[in-house]
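Asks: Below is a structure I'd like to ask you about.
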Amino acid sequence: IIGIDVGENFLDLAIIDSERRRLRYARVGLEQIRGDDPIGKLADDLAQAVPELRRGAIAIVDSPRSALDLDCSTTPFTKRGYPPATRAIDTALRRLVRRLTDNPARETKLRLSLFPSRLAKYFVDCAFHPDCKPHLNALGARMFDGLARDTIVNPAKLSGGTLFTRFMIAGFATYQALGKLGAETFEGYPYLAFKLWMKRGEPLSPKGKKSEALADRKKILRRLATLASIEMPAPGTLDQADASILAITLAASLRAGVVAQIVCPPEGRFIVALDENDGDYFSSSVLGIANRTRA
């Protein structure tokens, strides 16, 4: 099981060896990505850093799989005929969270915040912007080849939300690279995973409070590692903590809980690892939005 936190310049990975019941960390840089086959280069770098990334591995990526108006079930991606205003995955996820919040046995109530999904043109404009980082430009040029784009005559400076959401270009590329390696890929959301598995009284400070936020996440992860019988070194960064929670909650739910999938072929697959309490409540509910698998 591999949790992957996506950044603009690198990927942080938390790898669980299922046989040894041990977690380790790895980091794969992206800034060296160049050439005619940047996706292949990324796949090679991932395979070298994490040999476990092959057929039989489960990789959970902290990023959507594609832009809102692209169909990721086709190769290469094609335009969706009538793209929705909001991802079907996001709509189903909100319904799932509302339902779990009604669980009378739940110790903490859930609130879900999701960034709005963007159209392909947004990411094309980011990738071909004069200020775009070379590796994101290379990845974007490969993935968005064939999509129409306009020449930006007087491009605005990249700032604010554009700088934040641009990391998804690296996320889209990560899925394609993992596909070359044969790993099963799912989308995940670290903050939701923390909220689902934290106990009453356990704080989860915002990431802006860096040292406090990391300390809170270490405590939750340490408890979950014990629950899952996984030997886990403490994360040294918030990125490692986010990668860890994706992997460790899946490992914990496979021992005692339920693994839920939200599936929409044009958008991909989202995985939600539930503990025994939420899992039993979820399994007894007829939601009509997910496939249920008793671990």
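Asks: From the backbone phi of region 165-176, what are the Karplus-calculated ³J(HN,Hα) couplings (6.51 cos²θ - 1.76 cosθ + 1.60, θ = phi - 60°) in whole Hz, Gly and Pro given as x?
Replies: Calculated HN-Hα couplings, in order: 6, 4, 4, 5, 4, 5, x, 4, 5, 4, 4, 5 Hz.
Asks: How about residue 207: which aspartates and glutamates have a C-alpha closer than 18 Å to its C-alpha, ignoring those fewer than 8 places off in the same chain?
Replies: Result set, ordered by chain and number: 5, 8, 12, 62, 216, 239, 242.
Asks: Run the 1.4 Å probe and let me know the accessible area of residue 167, rounded to the nearest 10 Å².
Replies: Accessible surface of residue 167 is approximately 30 Å².
Asks: Using a 10 angstrom cutoff on alpha carbons, build the Gaussian network for the chain and name the most mobile of 173, 241, 85.
Replies: Sorting by GNM fluctuation, first place goes to 85.
Asks: Right, something else. So what are the chain's ellipsoid semi-axes, whole angstrom, largest first, if each one is the square root of 5 times an eigenvalue of the alpha-carbon gyration tensor?
Replies: Ellipsoid semi-axes (Å, largest first): 31, 22, 19.
Asks: Amide H of residue 231: which non-local residues (sequence gap of 5 or more, or other chain) have their own amide H closer than 5 Å, using H built in the peptide plane?
Replies: 22, 23
Asks: State the percentage of accessible surface on region 1-144 attributable to carbon and sulfur atoms; use a 1.4 Å probe and exclude ligands, DNA and RNA.
Replies: 50 percent
Asks: Could you list the GluC sites (Glu not before Pro) in region 6-103 that lie in coil according to DSSP, counting only those with at most 12 other Cβ atoms within 10 Å of their Cβ?
Replies: For GluC sites (Glu not before Pro) across region 6-103 that sit outside H, G, I, E and B with at most 12 neighbouring Cβ atoms in 10 Å, the list reads 19, 31.
Asks: Oh, and also: Could you tell me what percent of the DSSP beta bridges with both partners in the chain are antiparallel, to the nearest 5?
Replies: 75 percent
Asks: Going through region 191-284, which trypsin sites (Lys or Arg not before Pro) have at most 16 other Cβ atoms within 10 Å and a DSSP loop state?
Replies: Qualifying residues, ordered by number: 199, 200, 207, 209.
Asks: Additional query: Can you tell me which of 147, 114, 221 moves the most in a GNM of the chain? Springs connect C-alpha atoms under 10 Å apart.
Replies: Looking only at 147, 114, 221, the largest GNM fluctuation is found for 114.
Asks: Further question: Between 20, 87, 99, where does the largest GNM mean-square fluctuation fall for the chain, given springs only between Cα atoms within less than 10 Å?
Replies: Result: 20 has the largest fluctuation of those listed.
Asks: Restricted to Cα positions, what overall size does region 1-98 have along the principal axes? Three whole-Å values, descending.
Replies: Largest to smallest, the principal-axis extents are 43, 41, 24 Å.
The values are calculated or read from the model by the stated rules, or taken from the named source; none is laboratory data. All values reported here derive from a predicted model rather than from experimental measurement. All Cβ positions, glycine included, derive from the backbone under ideal geometry; neighbour counts span all protein chains shown. Heavy atoms of the whole protein, side chains included, go into the accessibility calculation; ligands, DNA and RNA do not. Shrake-Rupley method; radii C 1.70, N 1.55, O 1.52, S 1.80 Å.
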